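Read the structure below first, then the notes.
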DNA sequence: CTATAATTGTGAGCAGGTAATAATAGCCGG
DNA sequence: CCGGCTATTATTACCTGCTCACAATTATAG
């Protein structure tokens with residue numbers, strides 16, 4: 001009996017982990033137990049009710065969408081010298097991690113660099129056209145990534161930049177970006 | 001009188017737009033009207049109740065987090081020949097867009113390519129160490145991006161890949177990736 | 001066989017509503 | 001100033017998805 005219960009509770013946990021939108025009713029049917037059993041299980045596992053779970057997801061949404069979503073600049077702008085240099089900082093969080101290696105996924109580091117480059121281009125129509133990038137060492141959650149973009153050359157319709165990202169003074173990323181500013 | 005109502009309704013609309021978590025009770029207090037007035041306003045504006053609003057935000061979260069968040073592979077795997085080639089497809093949505101140019105942000109295209117490369121590396125410890133990438137033309141919302149990664153060279157601890165992304169048979173992105181598989 | 005654990009049932013109550021219906025307040029034109 | 005209209009407020013019944021408290025039943029291990 002005890003085994004059955006443990007089994008159900010762990011399944012319940014993972015079920016709700018990747019689908020928080022299930023009612024106690026639905027869960028009871030899935031496990032073929034009474035609704036009260038489900039409620040007791042939730043109590044013991046410290047899982048809040050449907051509405052609270054949904055609220056939590058919704059709140060996370062508000063926070064996470066900012067972590068890599070629609071913001072123009074990924075990270076926080078620290079310094080901005082038009083036509084010369086821009087610096088942004090970004091705190092690496094668990095949301096950015098690749099499970100298998102526990103390291104920050106390359107696209108997040110690229111995103112910080114690329115968005116800073118576009119920001120520094122300071123044109124309403126800047127578009128990244130080329131980049132040569134190096135990820136010098138893996139980054140872990142909790143590190144603060146400071147990214148610096150510097151304009152190295154400027155042509156009529158192109159801007160060349162050097163972008164580097166450091167954590168604790170060690171360079172973790174370096175890249176050369178070419179942006180198009182036709183218009 | 002009519003002016004007052006219009007004023008209130010438009011304020012209500014924008015209030016709820018950037019904070020969907022307000023109850024009718026709270027709104028009534030904010031506007032110093034009865035709760036029924038708020039309900040009528042919501043009806044006229046077609047704004048659903050708190051719980052529905054929260055649910056919508058939570059659902060968006062689920063969709064958006066997948067758009068560039070925690071998934072191992074960004075896009076859907078279409079083909080996978082271990083050690084040789086992998087193909088994924090990704091539908092460009094409005095969530096991926098840079099407002100100023102209305103084009104898909106480079107990091108999303110990079111993310112699709114990079115995550116496919118890591119997937120193809122098929123090692124529990126693959127890490128991108130270098131990439132030379134080109135964005136050949138801008139991508140707009142609605143396009144279907146088909147990304148192909150091919151292994152071009154394999155060393156003891158490194159994998160070299162060619163990754164290209166096409167939309168309607170035109171190549172929009174091309175890159176050479178070097179991954180580290182030390183372990 | 002019995003003590004304990006697990007499960008199920010019941011009833012009250014709550015938040016945040018919908019839906020329907022009715023009463024009241026404010027204003028405007030004639 | 002009064003009828004008519006819109007806007008607002010009130011009232012009541014009902015809904016979902018719970019919580020909380022308490023009791024009853026069933027299973028099972030010792």
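The values are calculated or read from the model by the stated rules, or taken from the named source; none is laboratory data. Predicted, not measured: the structure shown is a model, and the values here were computed from it. Here Cβ is always computed from backbone atoms with ideal geometry, including for glycine, and neighbour counts include all displayed protein chains.
Rundown of residues vs (1) within 14 Å of chain B (Cβ to nearest Cβ); (2) within 12 Å of DNA strand D (Cβ to nearest atom); (3) over 27 Å from residue B:49 (Cα atoms), yes/no style:
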residue: A:12; (1), (2), (3): no, no, yes
residue: A:19; (1), (2), (3): yes, no, no
residue: A:30; (1), (2), (3): no, no, yes
residue: A:38; (1), (2), (3): no, yes, yes
residue: A:49; (1), (2), (3): yes, yes, no
residue: A:52; (1), (2), (3): yes, yes, no
residue: A:58; (1), (2), (3): yes, no, no
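Among the residues making up region B:80-98, a single one is without any contact (Cβ under 8 Å) to a residue 12 or more places away in the chain and over 16 Å from residue B:143 (Cβ atoms): B:81. Annotation: residue B:177 fulfils all but one of (1) assigned to a strand (DSSP E or B); (2) under 16 Å from the mean Cα position of the chain (by Cα); (3) surrounded by 24 or more Cβ atoms within 10 Å (Cβ to Cβ); the unmet one is (2). Scanning region A:87-102 for residues that are within 12 Å of chain B (Cβ to nearest Cβ) and within 13 Å of DNA strand D (Cβ to nearest atom) turns up nothing. Of the listed requirements (1) exposed (fewer than 15 other Cβ atoms within 10 Å of the Cβ); (2) away from DNA strand D (no atom under 16 Å from the Cβ); (3) over 18 Å from residue B:141 (Cβ atoms), residue B:76 misses just one: (3). Inspect region A:111-126 for any residue being within 8 Å of chain B (Cβ to nearest Cβ), modelled with pLDDT of 90 or more and within 12 Å of the chain's Cα centre (by Cα) and give the result as yes or no. Yes, because at least one residue in region A:111-126 is within 8 Å of chain B (Cβ to nearest Cβ), modelled with pLDDT of 90 or more and within 12 Å of the chain's Cα centre (by Cα).
Residues in region A:127-139 that are part of a strand (DSSP E or B) and either at pLDDT 95 or above or within 12 Å of residue A:176 (Cα to Cα) (or both): A:128, A:129, A:130, A:131, A:132, A:133, A:134, A:135. The condition of being modelled with pLDDT under 95, within 16 Å of DNA strand D (Cβ to nearest atom) and away from every other protein chain (no Cβ under 14 Å) holds for only one of B:2, B:42, that being B:2.
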